[in-house]
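Asker: Structure provided below as structure tokens; questions to follow.
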Amino acid sequence: MVATPTREPEAPTSTSDDPAAKLEAPKTPLRRRLRRDWVLLALMLPGVGYFLVFHYGALFGNVIAFKDYVPFIGVWDSPWVGIDNFTSLMNNSQFWHAAWNTVSIAGLQLIFYFPAPLALALLLHSLAGDTIRRFVQSVVYLPHFISWVIVVALFQQVLGDVGVLNGVLADNGLSTIDIIGNPDAYRPLVIAQIIWKECGWGTIIFLAALTNVNEQLYEAAAIDGANAWRRFWHVTLPAIRPVVILLLILRLGDILTVGFEQFFLQRNAVGPGAGEVLDTFVFYTGIGSGNFGTATAAGLMKGAIGLVLVYSANKIAHRLGEQGVYKSR
Amino acid sequence: MSSSQRPIWMGKPRLVTRIAKGIALFIVVMLVIFPFWTIVATSIATPEEVVANGGWVVIPETISFAAYTDILRGGVITNALTVSAGITLVGTATSLVATIFLAYALARPNVVGGRPILLLVLFTFLFPPAMIPSFLVVKETGLFDSYAALILPVLINVFNLVVMRGFFQGVPGELIEAARLDGAGDFRILTRIILPLSKAVVAVIGLFYAVSYWNSFFNAIIYLDDTTKWPIQAVLRQYVSQGAALADTSEATMVNSPQSVKMAVVVLATVPIILVYPFIQRFFTKGVLTGAIKS
């Protein structure tokens, strides 16, 4: 996003050369600049239209959090109700239950899913041979491209009550395990699914950080008598710490989002008690039961809290002397 | 693990370490491959074998494609596969064109309004459209229950746009100057200079779009009331994740074991991804990394 030194030549009538033109650019009459750039502006149209309608239109649509939205009347003419939707949300025990489920699942993700790609990346990086590493990488990246519908189907086929695991257990006279559709097993199951799907893909960024570590540091450490473990502790870990902290911040800012599709697909199998998270709550309250105002209020609160969380996490990172996501100037 | 690539200072790892690493990698690879293996095996086993074994097969004794001929004979699955293919083709082409146009215009310096429009676009990173307001936009724009509702609301991915813009900015300015002096307009510069130099990034972003169109099911579920219009992933969800009986969704006579038919549908929904995967794989590390650095 740095302005490039080259700039467009003026329309043929202009006599200015490059550096001068840069200074004079704002003085070129708007009409002439429009005539010069009309092709580029026309090329922007579809994209800009998309962002205005589907992003800014949707952003504006959040006003129904403060309205009693009635589908036939439309967004404009539905009556204003102030913060009624928010107060009814505060008194909605299902909302708090969904919020609690979300935070606890996100906490489990942080403990079990977050370190998994790092561990796998360290393992892959420690391989000296390229062939094996490339092969393993191709295999573990694949699940990222598989849709959640299929991932859920695969887990059912392997862990379900007529699945491979229980089949093998039954054939050997052991008692079967009820995993799919069991509310008590739901949290371990969703963590296992996300690790299976995204762990390999998550290694990319860590592997890039690991490859960027200066070889000479390892060499110097080795000459000073550091063994493999000490080289890992004193060279590798400090080198990748900024990336780890950056990702941790992004994750903390997103703690109210655990991923929608995965939970939407399995919520009904375990029931809302175990399966409801904030995003599915928004769906079932709004599109499911038609309480659009309440659902939008829930979505808006989630977004606002998320922004505050990202901002605070970034502040904390600065305190700790790390670079963080963005630098405040 | 050829020792030739190992720097001298590193020393040779102990045998125990190497064996432990080997086992760990083997387990990781098997955990990924095994589920795919068992759905393929179950889908090509004979119905009798699947039923006798309780619904799953790891190594089929006889191979039979009965499940595939059954669901591809016409009916819901065939229809859903066609819909998915159509959405993926049209959607990818539309998204790619819109992304290229906007990325190109935003990559050129000093375009009128370029700066504010760039900010307008980047700002959407902070506030991704929420579910209910997006749903209302689709309702109010009259896209509801049309295939356009599966494409237009997800036309441009901001991340893809930023990656592509970064790539276009890397094209040397001298080339653009030269083309301009030869009398090329902005559009010709795009088609004759920029695009031929950007085949890799266009390919990988096209594949990203294609994968996301093929995999998406939620928009179909909320925006298409008419379930006969549903793409394969939405149909698959209906009876894989909700356990709806297959007979309801397929007109084909179910002489087969429902389990092998189910697995055949899962395989058909996965195959296109597996087919394009080698092509994406060649590019994505590069694409993802340039994107990450730029943003």
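Asker: Just to be sure I understand the model, the point goes 7 Å from the Cα along the line to the Cβ. What's the resulting B:Ile27 to A:Ser175 distance in nm?
Answerer: 2.5 nm
Asker: Now a separate question. Kyte-Doolittle cut-off -1.0, length cut-off 30 Å along the helix's own axis using Cα: show which whole DSSP H helices in chain B pass.
Answerer: On the way: long enough: B:15-44 (41 Å, 2.03); B:76-107 (44 Å, 1.67); B:258-294 (49 Å, 1.12).
Answer set is B:15-44, B:76-107, B:258-294.
Asker: Quick one: check the C-alpha center-to-center distance for segment A:276-296 versus segment B:16-52, whole angstrom.
Answerer: That distance is 39 Å.
Asker: Taking neighbour counts of Cβ atoms within 10 Å as a proxy for exposure, in what order, fewest first, do B:Phe144, A:Phe86 appear? Please report the intermediate quantities before stating the final value.
Answerer: Numbers: B:Phe144 15, A:Phe86 18.
Lowest count first: B:Phe144, A:Phe86.
Asker: Another question about this same structure. Once a ≥ b ≥ c are taken as the square roots of the eigenvalues of the Cα gyration tensor of chain A, is the result rounded (a/c under 1.5), prolate (a/b larger than b/c) or oblate (a/b not larger than b/c)? Intermediate results must be reported in sequence, preceding the final value.
Answerer: On the way: a/c = 2.06, a/b = 1.12, b/c = 1.84.
Taking the square roots of the gyration eigenvalues as a ≥ b ≥ c, chain A is oblate.
Asker: Checking the a/c ratio against 1.5 first, then a/b against b/c, what shape does the Cα gyration tensor give for segment B:3-67?
Answerer: prolate
Asker: Using only the Cα atoms of chain B, build the gyration tensor, take square roots of its eigenvalues as a ≥ b ≥ c, and label the shape rounded, prolate or oblate: rounded if a/c is under 1.5, else prolate if a/b is larger than b/c, else oblate.
Answerer: oblate
Asker: Over the whole of B:158-167, what's the average partner chain Cβ count within 10 Å per residue? Rounded to a whole number, please. Intermediate results must be reported in sequence, preceding the final value.
Answerer: Numbers: counts 2, 0, 0, 2, 1, 0, 0, 1, 1, 0.
Across B:158-167, the average partner-chain Cβ count within 10 Å equals 1.
Asker: Add -39500 (n - 2.57) for each DSSP H run of 4 or more in chain B, then divide by its residues: what number comes out at 222 nm, to the nearest 500 deg cm²/dmol?
Answerer: Working: 15 runs with 196 residues, N = 295.
One gets -21000 deg cm²/dmol as the mean residue ellipticity at 222 nm.
Asker: Dipole of chain A (Lys/Arg Cβ +1, Asp/Glu Cβ -1, origin at the Cα centre): which of A:Leu108, A:Val308, A:Val39 lies farthest to the positive side?
Answerer: So the residue furthest toward the plus end is A:Val39.
Asker: Place +1 on the Cβ of every Lys and Arg and -1 on the Cβ of every Asp and Glu in chain B, take the dipole about the Cα centre, and give the residue among B:Val57, B:Asn219, B:Asn160 whose Cα lies farthest towards its positive end.
Answerer: B:Asn160
Asker: Got a sec? How would A:Leu120, A:Leu174, A:Leu217 order by Cβ neighbour count within 10 Å, fewest to most? Intermediate results must be reported in sequence, preceding the final value.
Answerer: Numbers: A:Leu120 23, A:Leu174 10, A:Leu217 15.
Ordered from fewest to most neighbouring Cβ atoms within 10 Å, A:Leu120, A:Leu174, A:Leu217 come out as A:Leu174, A:Leu217, A:Leu120.
Asker: Another one. Under the definition of partner shielding as Cβ atoms of other protein chains within 10 Å of a residue Cβ, what is the mean value for peptide B:26-36? It would help to have the intermediate numbers written out before the result.
Answerer: Working: counts 1, 0, 8, 6, 1, 8, 10, 2, 3, 14, 6.
If you average over the peptide's residues, the count of other-chain Cβ atoms is 5.
Asker: Mind ranking B:39-50, A:43-54 by how tightly packed they are, going by the mean number of other C-beta atoms within 10 angstrom, highest first? Intermediate results must be reported in sequence, preceding the final value.
Answerer: Details: B:39-50: 21.6, A:43-54: 18.8.
The peptides rank, most packed first, as B:39-50, A:43-54.
Asker: Ok, one more. If you place +1 on the Cβ of every Lys and Arg, -1 on the Cβ of every Asp and Glu, and leave all else neutral, what size is the dipole of chain A about its Cα centre, to the nearest 20 Debye? Before the final figure, lay out each step's value.
Answerer: Values: 23 positive and 23 negative charges, 216 e Å.
Dipole magnitude for chain A comes out near 1040 debye.
Asker: Considering only Cα-Cα distances, which of the following residue pairs are longer than 32 Å: A:Lys197/B:Lys199; A:Lys315/B:Lys12; A:Lys302/B:Lys262; A:Lys197/B:Lys229? Write out the running numbers ahead of the final one.
Answerer: Values: A:Lys197/B:Lys199 29 Å; A:Lys315/B:Lys12 43 Å; A:Lys302/B:Lys262 37 Å; A:Lys197/B:Lys229 28 Å.
The pairs that break the limit, which is 32 Å between Cα atoms, are A:Lys315/B:Lys12; A:Lys302/B:Lys262.
Asker: Assign unit charges at the C-beta atoms only (+1 for Lys and Arg, -1 for Asp and Glu), then state the dipole size of segment B:3-67 relative to its Cα centre in Debye, rounded to the nearest 20. Write down the numbers at each step before the final one.
Answerer: On the way: 5 positive and 3 negative charges, 181 e Å.
Taking the Cα centre of segment B:3-67 as origin, the dipole is about 860 debye.
Asker: Under 5 Å between amide hydrogens, which residues at least 5 positions from A:Lys67 or on another chain qualify, with H placed 1.01 Å from N in the peptide plane?
Answerer: Those lying under 5 Å, H to H, from A:Lys67 are A:Val81.
Asker: Pull up all non-local amide H partners of B:Ala45: gap of 5 or more, or a different chain, and H-to-H distance under 5 Å with H placed in the peptide plane.
Answerer: Those qualifying (amide H under 5 Å, at least 5 residues apart or on another chain) are B:Ser64.
Asker: Another question about this same structure. Please tell me the relative contact order of chain B in percent, rounded to the nearest whole number, where contacts are Cα pairs under 8 Å and at least six residues apart.
Answerer: Values: 272 pairs, mean separation 91.8, N = 295.
Once normalised by length, the contact order is 31 percent.
Read-outs: derived from the displayed coordinates by stated rules, not from any lab. Here the structure is a predicted model, which means the values were calculated and not measured. Positions of Cβ are generated from backbone atoms using ideal geometry, with glycine treated the same way; all protein chains shown enter the neighbour counts.
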